[in-house]
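J.: After the structure tokens below, expect a handful of questions from me.
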Amino acid sequence: MITAETVQVNHCSTKVTGGVGFLIKSWPTNPSPQTRPRFMLILGIETSCDETGVALLDDERGLLAHALYSQVEVHADYGGVVPELASRDHVRKLLPLCDQVLADAGKSRADIEGIAYTAGPGLVGALMVGGSVAHALGYALDIPVLGVHHMEGHLLAPMLEDNPPAFPFVALLVSGGHTQLVRVDAIGEYEMLGESVDDAAGEAFDKAAKMLGLDYPGGPRVAALAENGREGRYRFPRPMTDRPGLDFSFSGLKTFTLNTVNAAKEAGEFDEQVKADIALAFEAAVVDTLTIKCRRALEQTGCKRLVIAGGVSANKRLRAGLEKMTAKLGGSVFYARPEFCTDNGAMIAYAGAQRLRKGQKDGERIVAVPRWPMDSLPSVNEPRANGLVD
Ligand code: KG4
Ligand code: ZN
């Protein structure tokens, strides 16, 4: 039974209200650990930003069901995610989505054997919703719960596909909040090779979209508009490719885009065709920049396998550019199906399953970490029973 109204988040107290406890009281408890089947059934919960994602993963048979509710319409009028609205919408949608996923998989609450939720990085109020539900459920069912790292979830999403990449590999993580190149030797064994010194690639797409009068999230909309663009009409810079190193910077590209848009407006040329031309020039610049840095990272590490993950990895031009580049190096590129590139519960269930099955789990504290460097994570092989945060 969950009655406590106060939970600890990194030593801060946070009030949790609403019907969470009431719903959980009626849920049956799980079989004891001794009678559990050999393979775990993991519930994955993602609530770090503006998507409520839930999935049920059988550690042996794979993904059984998943569901996603996008808050895009909730935030549409504001041109970006409003944290308080995001938290409230997660509260409304999370438990119904859990029930939907269980029903779709033909399972009951009592079948769940472990719970993985996104503990960070992300919006703290939104994270708290997933963490509260995960811990309340785990307590009621007497099963292990683990707060997982959102970017590790993205990183491992391609493992849900046929022909998953073997370790080691280089990963390009490109989302709304992160642009990182990482050498991955095993789960939790990460060496940060480079990252953005300012805007993330997805953020740059979103800002360019706004300048072009497109709605949030801008990435897919810029990509769609670019389909009608004329090659060579504009040429945008490829930032930080003229010097060694694996870091990125996208803020100069943003300024260049703004200047181009303003010049076109002043010339009275800012019509649909010119917008498409700018979208194409912008997209090509981002893709080229990412491709150049990925090639360098592969050459530097001697790895042949490149994994791309995060929302921007759904971009078709990026996939094509990286396919071409890795083929030339005699390597290959791995990515998830588009719906698992952006935020989802399946990637959280998968990442959590790998660690839960090794005995890693949270203590009694709900973990919500807005900023959390991925290379501070412990290896999957390091025994831990107090969660992944030191
Ligand atoms: O991984 P994600 O769903 O959320 C974060 O963890 O941030 O990534 C969202 C980002 C947004 O900036 C969105 O514009 C971008 O991914 N994105 C794309 C595409 N699909 C999503 N960017 C370029 N092309 C796409 N097809
Ligand atoms: Zn994400």
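J.: Would you be able to say whether some residue in region 197-208 is in contact with a strand residue (DSSP E or B) (Cβ under 7 Å, 6 or more places away or on another chain), more than 30 Å from residue 166 (Cβ to Cβ), buried (at least 17 other Cβ atoms within 10 Å of the Cβ) and not small (Gly, Ala, Ser)?
T.: No - not one qualifying residue is present in region 197-208.
J.: Something else now. Residue 375 - would you say it is among the charged types (D, E, K, R) and more than 23 Å from residue 167 (Cα to Cα)?
T.: Values: among the charged types (D, E, K, R): yes; more than 23 Å from residue 167 (Cα to Cα): no.
Against the criterion (among the charged types (D, E, K, R) and more than 23 Å from residue 167 (Cα to Cα)), residue 375 does not qualify.
J.: Select from region 322-348 the residues that are part of a loop (DSSP other than H, G, I, E, B), more than 11 Å from ligand 1 (Cβ to nearest atom) and over 18 Å from residue 181 (Cβ atoms) and list them in ascending order. Don't jump to the end; show me each part of the working.
T.: Taking region 322-348 first, the residues part of a loop (DSSP other than H, G, I, E, B) are 329-331, 335-337, 341-344.
Cutting the leftovers down to more than 11 Å from ligand 1 (Cβ to nearest atom) gives us 329-331, 335, 337.
Matches in region 322-348: 330, 337.
J.: I've got another one for you. Among the listed residues 258, 253, which satisfies the condition of being over 19 Å from residue 316 (Cα atoms) and more than 16 Å from ligand 1 (Cβ to nearest atom)? Steps first, answer last, please.
T.: Values: 253 fails: more than 16 Å from ligand 1 (Cβ to nearest atom).
The match here is 258.
J.: Another question about this same structure. Tell me whether region 223-235 contains one or more residues that are free of Cβ contacts under 8 Å to residues at least 12 places away in the same chain and buried (at least 20 other Cβ atoms within 10 Å of the Cβ).
T.: So in region 223-235, the residues free of Cβ contacts under 8 Å to residues at least 12 places away in the same chain come out as 224, 232.
When the remaining residues are screened for being buried (at least 20 other Cβ atoms within 10 Å of the Cβ), the result is none.
Looking through region 223-235, none of the residues is free of Cβ contacts under 8 Å to residues at least 12 places away in the same chain and buried (at least 20 other Cβ atoms within 10 Å of the Cβ).
Yes/no per residue for (1) farther than 26 Å from residue 223 by Cα; (2) touching a Ser or Thr at 6+ places or on another chain (Cβ under 6 Å); (3) open to solvent by 60 Å² or more (accessible area, probe 1.4 Å):
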position: 313; (1), (2), (3): no, no, no
position: 319; (1), (2), (3): no, no, no
position: 327; (1), (2), (3): no, no, yes
position: 340; (1), (2), (3): no, no, no
position: 350; (1), (2), (3): yes, no, no
position: 363; (1), (2), (3): yes, no, no
position: 367; (1), (2), (3): yes, no, no
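J.: A follow-up question, please. Would region 129-142 turn up any residue that is within 15 Å of ligand 2 (Cβ to nearest atom), part of a helix (DSSP H, G or I) and not charged (D, E, K, R)? Talk me through it step by step, then tell me what you get.
T.: Kept after step one, since they are within 15 Å of ligand 2 (Cβ to nearest atom), are these residues of region 129-142: 130.
Of the ones still in play, those that are also part of a helix (DSSP H, G or I) are 130.
Next, only the ones that are not charged (D, E, K, R) stay: 130.
Within region 129-142, one or more residues are within 15 Å of ligand 2 (Cβ to nearest atom), part of a helix (DSSP H, G or I) and not charged (D, E, K, R).
J.: Return the residue satisfying two criteria in turn: it lies in region 102-127 and is within 18 Å of residue 153 (Cβ to Cβ) and either aromatic (Phe, Trp, Tyr) or surrounded by fewer than 24 Cβ atoms within 10 Å (Cβ to Cβ) (or both), and of such residues it is farthest from the chain's Cα centre (by Cα). Please lay out each step first, then the result.
T.: Step one: of region 102-127, the residues within 18 Å of residue 153 (Cβ to Cβ) are 114-124, 126-127.
Next, from what is left, pick out any that are either aromatic (Phe, Trp, Tyr) or surrounded by fewer than 24 Cβ atoms within 10 Å (Cβ to Cβ) (or both): 117, 120-121, 123-124.
Working: 117: 12, 120: 10, 121: 10, 123: 13, 124: 15 Å.
Result: 124.
J.: Looking at (1) open to solvent by 30 Å² or more (accessible area, probe 1.4 Å); (2) within 16 Å of ligand 1 (Cβ to nearest atom), which is the only condition residue 192 fails?
T.: (2) is the only condition that residue 192 fails.
J.: Residue 245 passes all but one of (1) surrounded by fewer than 13 Cβ atoms within 10 Å (Cβ to Cβ); (2) out of contact with any Gly (no Cβ under 8 Å at 6 or more places or on another chain); which number fails?
T.: Going through the list (1) surrounded by fewer than 13 Cβ atoms within 10 Å (Cβ to Cβ); (2) out of contact with any Gly (no Cβ under 8 Å at 6 or more places or on another chain), residue 245 breaks only (2).
J.: Do the conditions hold for residue 45, that is, is it at negative phi, modelled with pLDDT of 95 or more and either of a type outside the set (D, E, K, R) or open to solvent by 30 Å² or more (accessible area, probe 1.4 Å) (or both)?
T.: Details: at negative phi: yes; modelled with pLDDT of 95 or more: yes; either of a type outside the set (D, E, K, R) or open to solvent by 30 Å² or more (accessible area, probe 1.4 Å) (or both): yes.
In short, yes.
J.: Does residue 261 satisfy the condition of being under 18 Å from residue 205 (Cβ atoms) and open to solvent by less than 20 Å² (accessible area, probe 1.4 Å)? Talk me through it step by step, then tell me what you get.
T.: On the way: under 18 Å from residue 205 (Cβ atoms): yes; open to solvent by less than 20 Å² (accessible area, probe 1.4 Å): yes.
For residue 261, the condition - under 18 Å from residue 205 (Cβ atoms) and open to solvent by less than 20 Å² (accessible area, probe 1.4 Å) - is met.
J.: Moving on. Can you confirm whether residue 182 is open to solvent by 20 Å² or more (accessible area, probe 1.4 Å), closer than 27 Å to residue 300 by Cα and either without any contact (Cβ under 8 Å) to a residue 40 or more places away in the chain or not basic (Lys, Arg) (or both)?
T.: no
J.: Let me confirm something: among 268, 218, which residue is free of Cβ contacts under 8 Å to residues at least 24 places away in the same chain, of a type outside the set (Asp, Glu) and open to solvent by less than 20 Å² (accessible area, probe 1.4 Å)? Break it down into steps so the answer makes sense when it comes.
T.: Numbers: 268 fails: open to solvent by less than 20 Å² (accessible area, probe 1.4 Å).
Going through 268, 218 in turn, just one is free of Cβ contacts under 8 Å to residues at least 24 places away in the same chain, of a type outside the set (Asp, Glu) and open to solvent by less than 20 Å² (accessible area, probe 1.4 Å): 218.
J.: Which residues, counting only those in region 328-367, are in contact with a helix residue (DSSP H, G or I) (Cβ under 7 Å, 6 or more places away or on another chain) and within 16 Å of ligand 2 (Cβ to nearest atom)?
T.: Across region 328-367, the qualifying residues are 335, 336, 338, 340, 341, 342, 346, 347, 348, 350, 351.
J.: Something else: Only residues that are without any contact (Cβ under 8 Å) to a residue 12 or more places away in the chain and basic (Lys, Arg): list them for region 249-265, please. Reasoning before the result, please.
T.: Going residue by residue through region 249-265, those that are without any contact (Cβ under 8 Å) to a residue 12 or more places away in the chain are 255, 259, 262-263, 265.
265, the sole residue that qualifies.
The values are calculated or read from the model by the stated rules, or taken from the named source; none is laboratory data. Just so it is clear, the model here is predicted, and its values are computed rather than measured. In this analysis, Cβ positions are derived from the backbone assuming ideal geometry, glycine residues included, and neighbour counts consider all displayed protein chains. Remember, those area values only see protein heavy atoms, side chains included, never the ligands or the DNA or RNA. Shrake-Rupley method; radii C 1.70, N 1.55, O 1.52, S 1.80 Å.
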